[in-house]
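Right, one structure below, let's go through it.
The values are calculated or read from the model by the stated rules, or taken from the named source; none is laboratory data. Since the structure is predicted, the reported quantities are computational estimates derived from the model, not experimental observations. Virtual Cβ from ideal backbone geometry, glycine too; neighbours counted across all protein chains shown. Just the protein is used for accessible areas: all its heavy atoms, side chains included, with ligands, DNA and RNA removed. Shrake-Rupley method; radii C 1.70, N 1.55, O 1.52, S 1.80 Å.
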Amino acid sequence: MTSKPPLEFPKNFLWGAATSSHQVEGGNRLNDWWEWEEAGKVKEKSGDACRHYSLYARDFDLAKSLHHNAHRLSIEWSRVEPEPGRWDEDAIRHYAEVLKALRARGLEPVVTLHHFTLPVWLARLGGWASEECVSHFERYVNKMATALGGQVTYWITINEPLVFIYLGYIIGEWPPGEQSPMLALAAFRHFILAHGRAYQIIHGVYEKTWKTRPLVSFAQHVAHHVPCSPYSLRDRFSALMRHLFFMKLPFDALTRGYLFFPGIFCEKLPFKNTLDYVGINYYTREFIHFTDLGFPGIFGDMCSLKHHRDIAKRNQMGWESYPEGLYRTLMEVRPLRLPVLITENGSCTPDDADRWEFIRTHVAAVHKAMTHGVPMIGYLYWSLLDNFEWAQGFGPRFGLVEVDYASQERKIRPSAIHFSRMCETRRLE
Ligand code: IFM
């Protein structure tokens, strides 16, 4: 029996892991999530989280020792702008130090400007449902690009806007806890406007101040949507609607410059081509079944199909490992003719062997897409550390590195070592 040749990756491929401020930093008292936690809306509070705000250098040492050459993190808006228009220069200096610490270790920073949390003052002004939020975001982006731009090439304006909208404005599980399709649509429109403006602002600041070219995108959560029953036209309709809304619509808006959803809205935007690359957060496939023809009913519901014979193992969040879905997603974005960065992909599991199997098979899917013409920039695993998984608290363990929350000790998992071999050799055996 002959063994398969290893899968080779290009020299400049980015390998690393991702985090976000509220999930790891600890003590983010000035944002809407902290307030939500204090109000008892979730089972666990983020508290000190991984105390990464002070332990970042130690954590980056770990990433370096694991042969990562890139790292994604987010800036905590509520720290740098604790009141409208008032900048906390210490917090800005902190993030400048964080970026320097990454560069000093040979890690390329990938910086997210908004990862689910809002300063409390902005949430009180109506958050993303209010158009005012767009101009506040513009001011914040301008300040960050000016203060930190010298260290950053890869920017992500907004993380997973549609997840945020679904959980915050449709089912109300996250702040602001709304269940309003009208507010959801307003927030969606404002996210699109905010991204477009942020794109223009970052490019403007780089042209004027840094004389380099940034690469700006957003991180889109993409699930592979399939009908619960392939024989049901109604299930197929809902799966298609979900796919159009969650995948096609945002990319069309940001590349072609119009917001269009059949029968619901149509608007020409004041910008187009505002993606320098595509950021994909991929985790699983979702089985969808029809509920009704209203809004958001047309997007159907998820069925669990617990006993379906084709379904692979599920993780602590109940998500199935389905690498083929990542390959198909990448093939679907290929016509955009933009480079693609996997901005998140990961699994939370008590069985670390499953984590490595997850990584191995998903990286193989990325490689397959590359050989079929998708220009890949890199792969960032979610997450470097175990962390605060929002409404699910500290239960789900996504980390390459295990965190003991009581002692704040870190322990490298075997899957991290397997992954590090791949990062070092740029090949998957
Ligand atoms: O932890 C989250 C992250 O904040 C956004 N993407 C999905 C991850 C896992 O649920």
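Near residue 313, which aspartates and glutamates are there with a Cα under 18 Å away, not counting those fewer than 8 places off in the same chain?
286, 324, 351, 352, 354, 357
Would the range 1-84 count as rounded, prolate or oblate if I go by the C-alpha gyration tensor, calling it rounded below 1.5 in a/c and otherwise prolate when a/b exceeds b/c, oblate otherwise?
Cα axes put the range 1-84 in the prolate bin.
Under a point-charge model restricted to the Cβ atoms of Lys and Arg (+1) and Asp and Glu (-1), what is the dipole moment magnitude of the chain relative to its Cα centre, in debye to the nearest 20?
1360 debye
By its C-alpha gyration tensor, with a ≥ b ≥ c as the square roots of the eigenvalues, how is the range 26-133 shaped: rounded for a/c under 1.5, else prolate for a/b larger than b/c, else oblate?
Because a/c hits 1.5 or more and a/b exceeds b/c, the range 26-133 counts as prolate.
What helices does the chain have that are whole DSSP H segments, at least 27 Å long along their own axis by Cα, and with mean Kyte-Doolittle hydropathy of -1.0 or more?
Helix filter hits for the chain: 181-205, 352-371.
With the radius of gyration and the Kirkwood radius both derived from the Cα set of the range 218-296, what is their ratio Rg to Rh?
1.02
Considering only DSSP beta bridges whose two residues both sit in the range 220-371, what percent are antiparallel, to the nearest 5?
Of all bridge pairs located within the range 220-371, approximately 40 percent are antiparallel.
Might you list the cysteines of the chain that have no disulfide-compatible partner by the rule of another cysteine's Cβ under 4.7 Å?
Result for the chain is 50, 133, 266, 348, 423, no neighbouring Cys Cβ within the cutoff.
Based on DSSP, what percent of beta bridges with both residues in the chain are antiparallel, to the nearest 5?
Beta bridges within the chain, antiparallel portion: roughly 30 percent.
When ligands, DNA and RNA are left out and all protein chains stay put, how many square angstrom of accessible area per residue does the range 348-420 have with a 1.4 Å probe?
32 Å²
Carbon and sulfur: what percent of the range 233-339's accessible surface (1.4 Å probe)?
The nonpolar share, carbon plus sulfur, comes to 55 percent.
Using the alpha-carbon centroid of each, what span in Å lies between the range 348-417 and the range 138-206?
Centre-to-centre distance over Cα atoms comes out at 25 Å.
For the range 1-82, what is the accessible area per residue in Å² when the probe is 1.4 Å?
About 44 Å² of surface per residue is accessible.
Ignoring ligands, DNA and RNA, please state the percent of accessible area on the range 1-55 from carbon and sulfur, probe 1.4 Å.
The computed percentage sits at 53.
Which residue, 233, 269, 193, has the most motion in a Gaussian network model of the chain that connects Cα atoms within less than 10 Å?
Comparing 233, 269, 193 in a Gaussian network model of the chain, the most mobile one is 233.
Please figure out what share of the DSSP beta bridges in the range 288-429 is antiparallel and state it in percent, rounded to the nearest 5.
So the antiparallel bridges amount to about 65 percent of the total.
Considering only protein heavy atoms, what per residue accessible area in square angstrom results for the range 119-265 with a 1.4 angstrom probe?
So the range 119-265 comes to 39 Å² accessible per residue, rounded to a whole number.
Give me P(r) over the range 292-390, computed from all C-alpha to C-alpha distances, binned every 5 Å, as integer percentages.
Cα pair-distance distribution for the range 292-390, in percent: 2, 11, 18, 18, 17, 17, 12, 4, 1.
Non-local amide H neighbours of residue 72 (under 5 Å, H modeled in plane, Pro and chain starts lacking H): which ones?
Sorted by chain and number, the residues that satisfy this are 17, 18, 19, 110.
How many percent of all Cα-Cα pairs in the chain sit more than 34 Å apart?
27 percent
Sort the range 243-286 into rounded, prolate or oblate with this rule: let a ≥ b ≥ c be the square roots of the eigenvalues of the Cα gyration tensor; rounded if a/c is under 1.5, and if a/c is not under 1.5, prolate when a/b is larger than b/c, oblate otherwise.
oblate
Could you tell me which of 377, 10, 151 has its Cα farthest along the dipole of the chain towards the positive end, charges placed at Cβ (Lys, Arg +1; Asp, Glu -1), taken about the Cα centre?
10
Compute the FRET efficiency between residue 353 and residue 295 as 1/(1 + (r/R0)^6), taking r as their Cβ-Cβ distance and R0 = 45 Å, and round to the nearest 0.05.
The computed FRET efficiency comes out at 0.55.
Calculate log10 I(q)/I(0) of the range 172-282 for q = 0.13 Å⁻¹, where I(q) comes from the Debye formula with a single equal point scatterer on each Cα and nothing for solvent.
Debye curve over Cα of the range 172-282, log10 I(q)/I(0) at q = 0.13 Å⁻¹: -0.62.
Counting other Cβ atoms within 10 Å, which GluC sites (Glu not before Pro) in the range 99-197 have at most 13 and lie in a DSSP loop?
Passing sites in the range 99-197 are 131.
Using the structure shown, list the pairs from 64/211; 43/143; 248/268; 64/100; 4/248 with a Cα-Cα distance above 25 Å, or answer none.
In this structure, 64/211; 43/143; 4/248 lie more than 25 Å apart at Cα.
Using a Gaussian network for the chain with springs between C-alpha atoms less than 10 Å apart, which of these wobbles most: 278, 366, 333?
333
Highest GNM mean-square fluctuation, the chain, Cα pairs closer than 10 Å: which of 174, 128, 87?
Sorting by GNM fluctuation, first place goes to 87.
How much of the accessible area of the range 125-211, probe 1.4 Å, is carbon plus sulfur, in whole percent?
Of the solvent-accessible surface of the range 125-211, carbon and sulfur hold 54 percent.
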